[in-house]
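Have a look at the structure below before the remarks.
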Amino acid sequence: MPLYETVASKIVDLVERGTFNPGERVPSIRNLSRQLKVSVNTVKTAYAFLEDRRVIQAKPQSGYYVCPRLPEPPSEPEITTPAFDPAVISASDLVLRIMGDVMSPDIVQFGAAIPDPSLVPTAKLTRMLSSEARRFPDESTAYAMPPGNIRLRTQIAKHMMKAGCTLHPDDIIITNGASEAVFLALRAICKPGDTLVIGAPLYFTFLQMIQSLGLKVLEIPMSPTRGINLEALEIALDRHRVQACLLIPNFNNPLGFCMDDGRKKRLLGLLKRHAVPVIEDDINGDLSFSGTRPSVIKAWDRDGDVLLCSSFSKTLAPGYRVGWIAPGKYMDSIQRQKLMINIATPTPTQLAVAEFLVSGGYEHHLRSIRKIYGKRIVQMADAVGHYFPSETRVTRPEGGFALWVEMPGNVDSIALYGLALKKGITVAPGKIFSTTDRFNHCIRLNAAFWSGETRWAVKTLGKIVCQLSRNS
Ligand SMILES: Cc1ncc(COP(=O)(O)O)c(C=O)c1O
């Protein structure tokens, strides 16, 4: 065995025995060369060898660190998997319970995809809330009639240029979060009994919303890395009359993938050929770990067929309820619906978010939280790899903070939910992300938080999953 391989195997041995844990620094090249009495070049070659095998990774100006032990990503769905008949959704009490648990301070919040409150720029937002109310006393207490505050709409239009979108402020309507934006879009396009095409698994609140509107869904399988299966979508569109398509192409909830530009363009072309408008949810678009802002499908929309929805719930403050929609040719209809449903979105939070964007604080804030969430996703995936059964697979999100975990096939995520809750932990069971039972052995974890307590919670979940997997 060449000398560098002997050196490398010593490091592998130390990592396997837990002397060096994932994320920890290994000795510097110079130190190891002194300790093992080998040349600096031998250690350099050994470290390059270990880097190729993803045992260690170099961090510029810092040294070499043990790589996280990330489990394999979930398997690719087969094209034959889609349920090719539109399905009716049943309302789930479990969804309401998970949403209710969000309010409980005693529960470890892995169930709802909420940001870490300690990363919300509360002090700055509160200052802006009161300074803007003083600056615009009359406006701040009056209705901000649809389309909503012009300063905010101008800022959103400017911001979305980074996503390849040329929007005019008058193309945008401010809504109560992205939820209302999607709800208004569904109401504008579909009527009860219509069929909607979606990528599955889908963020569960949208499934409940679709159910409440009396719509049916055609679930199209999604690759955990590339997004919706375009071949399966084409087959579905050829076979069925579909009214609209609802998708989350950037840092999807729950799978975390970001569709590349080529696939986004192909998707839009395909839907256009079948005259199907797209409801595009871009709520996580600003949360790319690499810092590169992905494009939105809307960027290639020349005819107003894409209804782009988003909000500041993941990046600033979910409780402010500031979202928006750029509804293309459905502008009039959405504006009327909005007026009918709740007249307007609260004014003070619109003023504060507009000021946050104007003052330049938003970009700085994004840079900081993207880095933190990127690190936490890896920490949680690593802990799942450590504590869950070895067949477990987890996604590799490139942004956002949702982690999708595929457990051994015999583990029932609903049973896991009940047992975990008794220990003070919530998870989002896979079943509520689909009308089928395909994801019953999956869970979505909120990786926005990371601490000693969350590591304990992942370890506890792992123990329960191991038991469930052995007992069934
Ligand atoms: C993909 C997605 N869209 C929309 C929402 C709801 O957003 P909002 O709070 O802005 O209504 C969420 C919240 O978790 C989400 O994950």
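We did not get these values from a lab; they are worked out from the coordinates using the rules stated. Remember, predicted model here, so these are calculated numbers, not experimental data. Neighbour counts are summed over all protein chains in view; Cβ atoms, including those assigned to glycine, are modelled from backbone coordinates with ideal geometry.
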With θ taken as phi - 60° and the coefficients 6.51, -1.76 and 1.60, list the Karplus ³J(HN,Hα) couplings across the stretch 164-173 in order, rounded to whole Hz; mark glycine and proline as x.
x, 9, 9, 9, 9, x, 6, 8, 10, 10
How far is helix 3-16 tilted off the main Cα axis of the chain, in degrees rounded to 10, range 0 to 90?
60 degrees
Phi to ³J(HN,Hα) by Karplus 6.51 cos²θ - 1.76 cosθ + 1.60 over the stretch 141-150, Hz, x for Gly, Pro
9, 9, 4, 9, 3, x, x, x, 4, 5
Straight-distance crosslink candidates among lysines, where the alpha carbon sits under 22 Å from Lys431 and sequence neighbours closer than 8 are dropped:
Lys216, Lys422, Lys423, Lys463
Take each of the peptides 145-151, 298-304, 402-408, average the number of other beta-carbon atoms within 10 Å over its residues, and list them starting from the highest.
402-408, 145-151, 298-304
Collect residues whose amide H, placed 1.01 Å from N in the peptide plane, falls under 5 Å from the amide H of Ile425; neighbours closer than 5 in sequence don't count.
Val108
Between Asp13 and Thr166, with labels modelled 7 Å along Cα→Cβ, what's the label distance in nm to one decimal, could you check?
6.5 nm
Percent antiparallel among DSSP beta bridges with both residues in the stretch 137-359, to the nearest 5?
40 percent
Sites Arg97 and Lys124 - FRET efficiency at Förster radius 25 Å, r taken between beta-carbons, to 0.05
0.15
Let me have the 222 nm mean residue ellipticity of the chain computed from DSSP H runs of 4+ only, each contributing -39500 (n - 2.57), with the sum over all residues rounded to the nearest 500.
-13000 deg cm²/dmol
Cα-based Rg and Dmax for the stretch 3-66, in Å, come out at 10.5, 27
Would you list Thr345, Thr154 from fewest to most Cβ contacts within 10 Å?
Thr154, Thr345
May I ask you to list the lysines whose Cα is less than 16 Å away from that of Lys37, ignoring any residue fewer than eight positions away on the same chain?
Lys10
Which of Ile425, Cys165, Tyr4 sits closest to the plus end of the dipole of the chain, meaning its Cα is farthest towards the positive end, when Lys and Arg get +1 and Asp and Glu get -1 on the C-beta?
Tyr4
The whole-number value in µm²/s of the Stokes-Einstein translational diffusion coefficient for the stretch 271-314, with Rh from the Kirkwood sum over alpha carbon pairs at 4 °C and 1.567 mPa s, is 111 µm²/s
At a Cα cut-off below 17 Å, give the lysines reachable from Lys375, other chains included and same-chain residues fewer than 8 away excluded.
Lys59, Lys314
For Gly399, other-chain or 5+-apart residues with amide H closer than 5 Å (H placed, Pro excluded) are Phe289
How large is the convex hull of the Cα atoms of the chain per residue, expressed in Å³ as a whole number?
161 Å³
For a footprinting-style exposure proxy, rank Ile377, Ile56 by other Cβ within 10 Å, fewest first.
Ile56, Ile377
Long-range amide H partners of Leu308 with built H, under 5 Å:
Glu280, Ala326, Gly328
Can you tell me the Rg and the Dmax, both Å, for the Cα atoms in the stretch 119-267?
18.8, 58
Using mean Cβ contacts within 10 Å as the protection proxy, how do 212-219, 100-107 order, highest first?
212-219, 100-107
Using θ = phi - 60° and Karplus 6.51 cos²θ - 1.76 cosθ + 1.60, couplings along the stretch 316-322 (whole Hz; Gly, Pro as x):
10, 8, x, x, 6, 6, 9
Taking K and R as +1 and D and E as -1, what net charge do the other residues with C-beta under 12 Å from the C-beta of Gly360 add up to?
+1
I'd like the orientation of helix 452-471 relative to the chain: the angle between its Cα long axis and the longest Cα principal axis, in ° from 0 to 90, rounded to 10.
90 degrees
Compute the long axis of helix 122-135 from its Cα atoms, compare it with the longest principal axis of the Cα atoms of the chain, and write down the angle in degrees, 0 to 90, nearest 10.
20 degrees
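Based on the Kirkwood radius over alpha-carbon pairs, what value in µm²/s does the Stokes-Einstein equation return for the translational diffusion coefficient of the stretch 328-377 at 37 °C and 0.692 mPa s?
Values: Rh = 13.8 Å.
In µm²/s, the coefficient is 237.
Compute, for the chain, the length of the dipole vector about the Cα centre, with Cβ point charges of +1 (Lys, Arg) and -1 (Asp, Glu) only. Units Debye, rounded to 20. Walk me through the numbers on the way to the answer.
Working: 56 positive and 44 negative charges, 249 e Å.
Rounded to the nearest 20 debye, it is 1200 debye.
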